[in-house]
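Nothing in this text is a laboratory measurement; each read-out follows from the coordinates by a stated rule. Predicted model only: the values in this text are computed from it and were never measured. Here the Cβ positions follow ideal geometry from the backbone for every residue, glycine too, while neighbour counts run over all protein chains shown.
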Amino acid sequence: MSRRASLAVCLVRKRNSKLEYSRLYREFFGLFCGPTHPLFGVSDLTKADLAGQAAVSFVTDRLEDALRSVTLMRADADLIDRVVGTSANLKEVRRMIIAGLGIGPLLVHVVRRDLDDGLLWRLPPYENLPGIDVHVVWNPSAKMNRAETAMLEMLLERIAGTPIEERTYR
């Protein structure tokens, strides 16, 4: 709104009527633990097994923020209410989980290699994961230079020409 940026790629919780939005892609969060966690390597876990466990998460993992559905997933798993570590950075949340500070949410498609390498263990729920939309956002009344205009037009053209199924990461 302050016109300090031509456009943004971001999560959106509440839309502003003065801005324009276009969904860039959708991604899904799951819950994970690290190698020193007692649930690491345990098969056939249920959500009940997660009850009372410590949690780490993102700073936007709150009911009133962009990761509301992740907050609800944590609550449904009955993790402790107090989150023991937070960060705005995905790599830092990942590091806290691997270090054993607690169970935490990560993007399922991002951590595949960590699962294969034995750095993370997938926990319930395994289905009906919370989907998060990432948007391109811009202020239509902002004056953009030619490069910024070309970049936005290119992004919007690619978004319009690519079905959401091809822009969804599971």
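Which one, (i) 1.17; (ii) 1.11; (iii) 0.99, gives Cα Rg over 2.2 N^0.38 Å as derived from the coordinates shown?
Looking at Cα Rg over 2.2 N^0.38 Å for this model, the match is (i).
Can you give the net charge of the other residues whose Cβ lies under 11 Å from the Cβ of Arg23, counting K and R as +1 and D and E as -1? All intermediate terms of the calculation are to be shown ahead of the outcome.
Details: positive: Arg26, Arg167; negative: Asp133.
Summing Lys/Arg as +1 and Asp/Glu as -1 gives +1.
Go through the range 39-53 residue by residue and turn each phi into a ³J(HN,Hα) via Karplus (6.51, -1.76, 1.60, θ = phi - 60°); whole Hz please, and just put x for glycine and proline.
After applying 6.51 cos²θ - 1.76 cosθ + 1.60, I find 8, 4, x, 7, 8, 6, 6, 10, 4, 4, 5, 8, 4, x, 6 Hz.
Quote the relative contact order of the range 67-154 in percent (integer), defining contacts as alpha-carbon pairs under 8 Å separated by 6+ residues.
Working: 32 pairs, mean separation 25.3, N = 88.
Dividing the mean separation by the residue count of the range 67-154 yields 29 percent.
Between Ser43 and Arg15, 0.36 nm times their residue separation minus their Cα-Cα distance comes to what?
In short, 6.0 nm is gained.
At 4 °C and a viscosity of 1.567 mPa s, what translational diffusion coefficient does Stokes-Einstein give for the range 1-43, taking Rh as the Kirkwood radius over Cα pairs? Give it in µm²/s as a whole number. Intermediate results must be reported in sequence, preceding the final value.
Details: Rh = 14.6 Å.
Approximately 89 µm²/s, per Stokes-Einstein.
Whole-Hz ³J(HN,Hα) for each residue in the range 94-102, computed from phi via Karplus 6.51 cos²θ - 1.76 cosθ + 1.60 with θ = phi - 60°, x for glycine and proline: what do you get?
Taking θ as phi minus 60°, the curve returns 4, 4, 5, 5, 4, 6, x, 5, x Hz for the range 94-102.
Along Cα→Cβ, 7 Å out, is where each label goes; now give me the distance between the ones at Arg95 and Glu153 in nm to one decimal.
4.2 nm
Work out how much length Arg3 to Ala75 would gain on full extension: take 0.36 nm times their residue separation and subtract the Cα-Cα distance, in nm to one decimal.
Values: separation 72, 0.36 × 72 = 25.92 nm, distance 3.70 nm.
Taking Arg3 through Ala75 to full extension adds about 22.2 nm, to one decimal.
Once you list every other residue whose beta carbon is under 13 Å from the beta carbon of Trp138, what net charge do they have if Lys and Arg are +1 and Asp and Glu are -1? Spell out each step's value before the answer.
On the way: positive: Arg3, Arg4, Arg15, Lys18, Lys143; negative: Glu20, Glu148, Glu153.
Spelling it out: positives minus negatives among the neighbours equals +2.
What does the charge count near Arg113 come to, summing +1 for each Lys or Arg and -1 for each Asp or Glu among other residues with Cβ under 14 Å from its Cβ?
On the way: positive: Lys91, Arg94, Arg112, Arg122; negative: Asp114, Asp116, Asp117.
With Lys, Arg at +1 and Asp, Glu at -1, the net is +1.
Is it possible to state the helix-based mean residue ellipticity at 222 nm for the chain, with each DSSP H run of 4+ residues giving -39500 (n - 2.57), the sum divided by total residues, to the nearest 500 deg cm²/dmol? What is it? Let's see the in-between values first.
Working: 4 runs with 39 residues, N = 170.
About -6500 deg cm²/dmol.
Would you pull out the residues with amide H under 5 Å of Leu120's amide H, same chain only if 5 or more places away, H placed 1.01 Å from N?
For Leu120, whose amide H was placed from the backbone, the distant partners under 5 Å are Leu115.
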